[in-house]
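Trainee: Mind looking over this structure? Questions follow.
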Amino acid sequence: MGCNAGLKSIWSGGVHVWLMVMVSIFCGSADLLNGQSMSELPEITRSFSGQFLVRHPDRLSWLYSRPEVVSNTNLLRLDPALLAVAAERYKSQVWKLLGLTAETPWQGRIYLVLRPAETPEDEVWITSRLEYNTWTYQLNLPDVVGCDRYERAMSAVILMEVANRSHRSTTGNTVIPTWLVNGIAALAMDADPDALLINMPTSLSGAPPVGVVNDREHGLDDMASAHAAFQKGSALNFRQLSWPTDDQVNGDDGGLYRGSAELFVHDLLRLPHGSRQMGMFLNLLPDYLNWQLAFYKVYRGDFPEPAAIDKWWALQVIGFASRNTGTRWTLAASAARLDSLLRVPVQVWDHTNSMPRNLEIPLQQAIMEMNPAQRDAALEGQRQELELAQFELAQPFAILAAGYDQVLGDFLTKAQPTPSLINKKGAGVRTRQGAPATLKSLDALDRRRRMLLARLHLG
């Protein structure tokens, strides 16, 4: 029997998506990759779940070892083994956002086909095929690709696989809205960029492939893209999200589209039944040529008329701006940052002619043991860092930082120093009046910090 094929091109999230719809009664052993049998295929790496199969390129791109490419943190140099790991991690993060568990069975196999890149701007495309009542996907990637383009492509193909699970039509009309592709990509990447972007080593010495994390800013909260974008401009309205320009999709607008999409998807998922509704929306997409019809059918309880979504979105943007005046760190990053600010760097000589050792000591030890002049200078520096950090730390740690800042400020403004304790080497030191009260206050703050870490499971 022969196979009847139709080819359709759409634009989804800055990724060219070619939907190849195969109507087949019997197609022999034909495989998605150029109709070859598995025995004829180039080398393939399988991911641990088996959903992703990475086809190795026949050669590496001439760009692969170029110094300007290796040093560019906005470019990924893809390796088949690392890509198989990164794809599974990406899927896990997207599924988590959609309320799917690791035990949820997948249906559509995804082939990740690597090819030698000709330029850093090479196209990325997806093909989709229905065979034996199951959809199969092929994501064609250059081996050197921009991070944003890679993120959108992975988001698009994973969302397509979820959307088509209960869809057996051969019309191939599943179009994932651009705002959803970009929003899910931004949320996934902001949640855990270290795990989802695995680059080749930066060394040009031929070192074996290892999971070297792409050098991107991380540790910020899960809305970092939106925070950064809205410092440059205003959020887009719903109509602009629905019909973006090429510049907006490609990120040439300063990231406003990506940040707006991230906030929009984030707040949809925060609705009372957000994850379930998003899943229903995805499942309905294959049945509609216009995604807006599927959207309003699922969300009609929240937005009974088109004007309601505009009003809701405007309120979400205002609320976000009012409660987020700047980029803040995650709880874990805030805990680590505050811990580093509560230790004073010092140099210690074990012997007269020995090289000094660099140590970090608690604030209490610095108050008790350091030379007064050096101590005051060091504590003033720590106090200034604590003051600045309050604008970056997550709220519970910002409150603690303010407490430490106030205690140190009170200590440094106390009057006359008086002779006091003896340090470990027997040398007399001078400490300000009020040191016992200061130490007691610092100990109390330390206890609050330990209780907070225990409550947040960060200890």
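No value in this document is a laboratory result; all are computed from the given coordinates. Note that the structure is predicted; figures quoted are calculated from it, not measured. A quick note on method: Cβ atoms are made from the backbone with ideal geometry, for glycine too, and the neighbour counts reach across all protein chains shown.
Trainee: State the extension gain, in nm to one decimal, for the chain segment bounded by THR73 and SER275, taking 0.36 nm per residue of separation less the distance between their alpha-carbons.
Mentor: Gain in length upon complete extension: 69.5 nm.
Trainee: What aspartates and glutamates does LYS297 reach when the alpha-carbon gap must be under 13 Å and sequence neighbours fewer than 8 apart in one chain are set aside?
Mentor: ASP287, GLU305
Trainee: First measure r as the distance between the Cβ atoms of ASP302 and GLU88, then evaluate 1/(1 + (r/R0)^6) with R0 = 45 Å and state the FRET efficiency to the nearest 0.05.
Mentor: 0.85
Trainee: In a shell of Cβ-Cβ distance under 11 Å around GLY251, excluding GLY251 itself, what net charge do Lys and Arg (+1) and Asp and Glu (-1) give?
Mentor: It works out to a net charge of -3.
Trainee: Right, another one. Let a ≥ b ≥ c be the square roots of the eigenvalues of the Cα gyration tensor of region 219-288; is it rounded (a/c under 1.5), or, if not, prolate (a/b larger than b/c) or oblate?
Mentor: oblate
Trainee: Taking N as the number of residues in region 37-186, what is its Cα Rg relative to 2.2 N^0.38 Å?
Mentor: Relative to the rule-of-thumb radius for its length, region 37-186 sits at 1.05.
Trainee: I've got another one for you. Would you calculate the separation in nanometres between label points at ASN133 and GLU387, each defined as 7 Å from the Cα along the Cα-to-beta-carbon direction?
Mentor: Distance between the two pseudo-spin positions: 7.1 nm.
Trainee: Right, another one. Describe numerically, in nm with one decimal, the distance between label points set 7 Å from Cα along Cα→Cβ at SER340 and at LYS311.
Mentor: My value for the distance between the label points is 4.7 nm.
Trainee: Bins of 10 Å, beginning at zero and ending with the bin holding the largest distance: percent of Cα pairs per bin for region 231-373, please.
Mentor: Whole-percent P(r) values from 0 Å outward: 9, 25, 22, 12, 10, 11, 8, 2, 0.
Trainee: Fully extended, how many nm does the chain gain between ASP246 and GLU380 (0.36 nm per residue separation, minus their Cα-Cα distance)?
Mentor: Between ASP246 and GLU380, full extension yields an extra 43.2 nm.
Trainee: Roughly speaking, what is the stretch gain from TRP349 to GLN292, that is 0.36 nm per residue apart minus the C-alpha to C-alpha distance, in nm to one decimal?
Mentor: Between TRP349 and GLN292, full extension yields an extra 13.5 nm.
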